[in-house]
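Asks: This structure is in structure tokens; I'll ask about it shortly.
Coordinate-derived values only; no laboratory data. Everything numeric in this text was worked out from a predicted model, so none of it was measured. Backbone-built Cβ (ideal geometry, glycine too); neighbour counts: all protein chains shown.
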Amino acid sequence: MDHNATTPLAMEVYNAMQDWLIPGRVQNASSVHMEGRAARDTVEESRESVAQALGGKTREIIFTSGATEANHLAIYGATEADEHVITTAVEHPSVLAAVEARADHSILPVGVDGRVSVASLADALTEKTRLVSILWGNNETGVLQDIEAIGRLCRERNVLLHVDAVQVFGRLPFRVADLPIDMITVSGHKMYGPQGVGALWVRTGVSLVPTLSGGHQERGRRAGTENVAAIAGFGAACERLPALLSEQERIAQLRDRLWGGLAAVDGIQRNGCADAALPNTLNVSFSGVEGEAMLMGLDLAGVSVSSGSACTAGSLEPSHVLMAMGLSGQHARGAVRFSLGTQNTAEEVDEVISRVLDVVERMRRAA
Amino acid sequence: MKERVVVAMSGGVDSSVVAGLLVEQGYDVVGITMHLSDVPEKVLEEDQQGTCCAPDDARDARRVAAKLGIPHYVVNYKEQFRKSVMDRFVEDYQRGLTPSPCVRCNDELKFKALLERSLSLGAKYLATGHYAKVIRTESGTELHRAVNEKKDQSYFLFGAPRAALDQVLFPLGNMTKEEVRAHATRLNLTVANKPESQDICFVPDGDYAGFVERQITPEPGVIEDEEGNVLGEHGGIHRFTIGQRRGLGLPGGTPKKFVIGISAGDGRIVVGNDTSLMADGLVADRCNWIGPPPAKNTPVLARCRHRSVPVPAVVTACDEQELTIRFEDPFRAIAPGQAVVLYDANVPTRVLGGGWIIRAIDANQEAAA
């Protein structure tokens, strides 16, 4: 129940990667010789698969080491150091870090529902604004931002829009060509592909300065030898997109079943807008119980969940996302994120509900 | 079903062996490392290691847990630790006291927050790598010194409420350090040869004054003798502790002097001869008793700082809160802010409890009073 952190590798992905993890096989996609050409073919086939899954052009795809790098490439690559950059208070830390590193930046607040208002963006735009970076589907709460409205505004004002779609890709259908956006970040391991690979789609005509330079790879926009096995796996994961999307309605029903069962818990509250949300994510706070303690208790009971983004875990600070939504420190600390995936079943959900009830009761008794 | 035990794993050899032994004994062991403070990178020298509770130690603990095949978690107690231990450490120095942060950490973090967390996870016990013993008798749980005199940590544990002791295990209470290291080697734990942690975990370089000065602006004051003659100046009372001889910065040729008094109100440091350090007794408050408070005239053994040998004394007044004792022979350099821990004179390993020293009693003062 922690699929927003990472997803299990699909069999098709494993098979595609295996071909490139054979001892003795040469796999530099930049080499001119026969082996190099085979690797190049694989990389380009994957690029086609990713482009097709995103609904963009093949040449618009830049493979990266993952979403963090893609986010940084979009933000650092598309803006000059003195240009104004805007993002929101509920972003992934990789975006916040990059935006905050720019001297001239604005961080938009969100409402209690976790959504950013288009009006507040309109107010924040200045003559010097070059880029807006928005997380489409929030990794902690599942809340979706109104990308179309935000994109239309950016178009009107001649500002670039970068969208972090890591959690949305594979969960909601979209075609980048049809959206008023300029760049989009996606990641392999959030959609049953491998870790260590992601991509930035960049609309034709948007100029980008590479953050990693010194090689001609990725049409000079991302230097470094291609990770052929991971890219092959990412391509295979993208090939599965139609099947993955067809699962989402069932997953949404499971999520609703989970909430139906948990809503009975005394002092529980659901965090974030339920009407505009990823189909798989449920973020709740149990009042009077620390999220950290819940996580441990649930793990010992065989239920894997998260208290927010896994990146801040290990040492738990109250979630910046929930704090930005105006939750009290206590509620933010009591937050638990359930994020479902294709392998979850109704029986599992029922079992999870019963174990959560047990753990909450024991925690409250001990307190 | 196996009984669950939470082990407070610091990443050091002691608590790692505790986890390993409890796994062998068939418990359902869960490892927890407390994340207490972030030591600034610049304070850490490359060759410094083995301070408890730093991120590297959490990693060591995690690796030991993985080796033992037990679940392991890091819990964030930074805020509580800052408030109840680090801030208090600075405040104590500001008030002219000699702080005892390890006792406070045990009282507020280990045997309170972590114990509560352990119980909420369904554990029957919280186990730690302390060198001390709990003995469960018909009249209640008792706390005793470790068999290993050199390692005994019972002094740091006096503040644990009896109800907490009911729920703790100290599996190393009967072992020597060599035996512990032998177990670590036998269990193939990577931390077997890790050096001991020595200093206070949040001041790994041992520079307490420097730590205090990063938190507050020190106020200079004067150093004077018992007659009130000013002998010199100092950079802040936090640099001194009762009985201190070095670092007084007095002009050359001044006869050997010791700090005998710290006056927080006006920032005075009073120095005097060794004889002025001798106390006949002491008064302590905020006591904790493991059992009923000792009655008046009870002979006890009193330990007034860690690593000092408990000395014979008699209880002259005592209730739940406050304690007064008189030493059989005058005792040197009583430092307010430190704990006094009493042991049973008849069963010298048994901890009766103790309190926080508020002042020494010396014969002259009493005659005057």
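Asks: Based only on Cα atoms, what mean projected area does the convex hull of the range B:206-325 have, in nm²?
Replies: Dividing the Cα hull surface by four gives the mean projection, 9.8 nm².
Asks: For a quick check: sort B:D344, A:D178 by the number of other beta carbons within 10 angstrom, fewest at the front.
Replies: In order of increasing Cβ crowding within 10 Å: A:D178, B:D344.
Asks: Sequence gap at least 6, Cα distance under 8 Å: using those rules, report the relative contact order of the range A:73-230 to the nearest whole percent. Numbers along the way, then the final one.
Replies: Working: 270 pairs, mean separation 29.9, N = 158.
Answer for the range A:73-230 is 19 percent.
Asks: Looking only at the protein assembly as shown, where both bridge partners belong to it, what percent of the DSSP beta bridges are antiparallel (to the nearest 5)?
Replies: Here the antiparallel bridges make up roughly 65 percent for the protein assembly as shown.
Asks: Still on this structure: Just to confirm the number: angle between the C-alpha axis of helix A:34-54 and the first principal axis of chain A, 0 to 90 degrees, nearest 10?
Replies: Helix A:34-54 and the main axis of chain A meet at about 50 degrees.
Asks: Between B:I135 and A:A103, what is the label-to-label distance in nm when each label sits 7 Å out along the Cα-to-Cβ direction?
Replies: 7.2 nm
Asks: Also, quick follow-up: Cα gyration tensor of the range B:4-193, axes a ≥ b ≥ c as square roots of the eigenvalues: rounded (a/c below 1.5), prolate (a/b > b/c) or oblate? Let's see the in-between values first.
Replies: Numbers: a/c = 1.44, a/b = 1.12, b/c = 1.29.
Note, shape of the range B:4-193 comes out rounded.
Asks: Would you mind classifying chain A by shape? Square roots of the alpha carbon gyration tensor eigenvalues, ordered a ≥ b ≥ c; an a/c under 1.5 is rounded, otherwise it is prolate if a/b is larger than b/c and oblate if not.
Replies: On the way: a/c = 2.06, a/b = 1.30, b/c = 1.58.
Verdict is oblate for chain A.
Asks: Determine the shielding of peptide B:117-127 by partner chains: average, over its residues, the number of Cβ atoms on other chains within 10 angstrom of each Cβ.
Replies: Mean shielding count: 4.
Asks: Based on the mean of other beta carbon atoms within 10 Å per residue, what is the order of B:324-334, B:23-33, most packed first? Write down the numbers at each step before the final one.
Replies: Working: B:324-334: 18.2, B:23-33: 19.8.
So the order, starting with the most tightly packed, is B:23-33, B:324-334.
Asks: Compute the distance from the alpha-carbon center of the range B:197-222 to that of the range B:70-127, in whole Å.
Replies: After rounding, the separation between the Cα centres reads 20 Å.
Asks: Taking the Cα-to-Cβ direction at A:T225 and at B:N188 and moving 7 Å from each Cα, how far apart do the two end points lie in nm?
Replies: Computed distance between label sites A:T225 and B:N188 equals 3.4 nm.
Asks: Just how far, in whole angstrom, is the range A:82-154 from the range B:308-330 if you go by their alpha carbon centroids?
Replies: If you average the Cα positions of each part, the centres end up 66 Å apart.
Asks: Taking each residue in B:77-85, count the Cβ atoms of any other chain within 10 Å of its Cβ, then average. What number comes out? Mind showing how you got there, number by number?
Replies: Values: counts 2, 3, 2, 0, 0, 0, 0, 0, 0.
Across B:77-85, the average partner-chain Cβ count within 10 Å equals 1.
Asks: A further question follows. Restricting to Cα pairs below 8 Å that are 6+ residues apart, what does the relative contact order work out to for chain B? Please round to a whole percent.
Replies: Relative contact order comes out at 16 percent.
Asks: Is the shape of the range B:285-369 rounded, prolate or oblate, going by the alpha carbon gyration tensor and its root eigenvalues a ≥ b ≥ c, with a/c under 1.5 for rounded and a/b larger than b/c for prolate?
Replies: Verdict is rounded for the range B:285-369.
Asks: Per the Debye formula with a single identical scatterer at each Cα and no solvent contribution, what log10 I(q)/I(0) holds for the range B:98-154 at q = 0.18, 0.20, 0.24, 0.29 Å⁻¹?
Replies: Each listed q corresponds, in turn, to -0.78, -0.93, -1.12, -1.15.
Asks: Using just the helices of chain A, give the 222 nm mean residue ellipticity in deg cm²/dmol: DSSP H runs with n ≥ 4 each add -39,500 (n - 2.57), and the total is spread over all residues, rounded to 500.
Replies: Working: 13 runs with 140 residues, N = 367.
Rounded to the nearest 500, it is -11500 deg cm²/dmol.
Asks: While we're looking at this one, here's another question. Working from Cα positions, state the angle (0 to 90°, nearest 10) between the long axis of helix B:55-68 and the longest principal axis of chain B.
Replies: 30 degrees
Asks: Sort the following peptides by mean Cβ neighbour count (other Cβ atoms within 10 Å, averaged over residues), highest first: B:137-143, A:247-253, B:152-158.
Replies: With the highest mean Cβ count within 10 Å placed first, the list reads B:152-158, A:247-253, B:137-143.
Asks: Further question on the same structure: With a Förster radius of 30 Å, plug the Cβ-Cβ distance of B:A66 and B:E116 into 1/(1 + (r/R0)^6) and report the FRET value to the nearest 0.05.
Replies: After rounding, the FRET efficiency stands at 0.70.
Asks: Moving to a separate point now. Would you please put A:43-55, A:223-235, A:133-145 in order of how densely packed they are, using the mean number of other Cβ atoms within 10 angstrom per residue and starting with the highest?
Replies: Highest to lowest by the protection proxy: A:133-145, A:223-235, A:43-55.
Asks: Which residue, A:V360, A:T345, A:A236, has the largest displacement toward the positive end of the dipole of the range A:222-367 when charges sit on each Cβ (Lys, Arg +1; Asp, Glu -1)?
Replies: Checking the options against the dipole of the range A:222-367, the answer is A:V360.
Asks: With 49 Å as the cut-off, how large is the P(r) tail for the protein assembly as shown, expressed as percent of Cα-Cα pairs?
Replies: 32 percent
Asks: Tally the DSSP beta bridges in the range B:191-285 and give the antiparallel ones as a percent, rounded to 5.
Replies: Taking every DSSP beta bridge within the range B:191-285, about 75 percent pair in antiparallel fashion.
Asks: Right, something else. Between 0 and 90 degrees, rounded to the nearest ten: what's the tilt of helix A:228-239 against the longest Cα principal axis of chain A?
Replies: The two axes meet at around 60 degrees.
Asks: To one decimal place, what Kirkwood hydrodynamic radius in Å is obtained for the range A:95-187 from all pairs of distinct Cα atoms? Could you put the intermediate results ahead of the total?
Replies: On the way: mean 1/r = 0.0730 Å⁻¹.
It is 13.7 Å.
Asks: Scaled to the compact-protein estimate 2.2 N^0.38 Å, what is the alpha-carbon radius of gyration of the range B:218-272, rounded to two decimal places? Present the calculation step by step, with values, prior to reporting the outcome.
Replies: Working: Rg = 9.8 Å, N = 55, 2.2 N^0.38 = 10.1 Å.
The range B:218-272 yields a ratio of 0.97.
Asks: Show which lysines lie in cross-link reach of A:K57 when reach means a straight Cα distance below 25 angstrom and same-chain residues fewer than eight apart are skipped.
Replies: A:K190
Asks: Then there's this: Could you tell me the ratio Rg/Rh of chain B? Both radii from Cα atoms, Rh via Kirkwood.
Replies: That ratio is 0.99, to two decimals.
Asks: Also, I was wondering about something else. Distances longer than 27 Å among the Cα atoms of the range A:236-367: what percent of all pairs is that?
Replies: So the pairs more than 27 Å apart make up 19 percent of the total in the range A:236-367.
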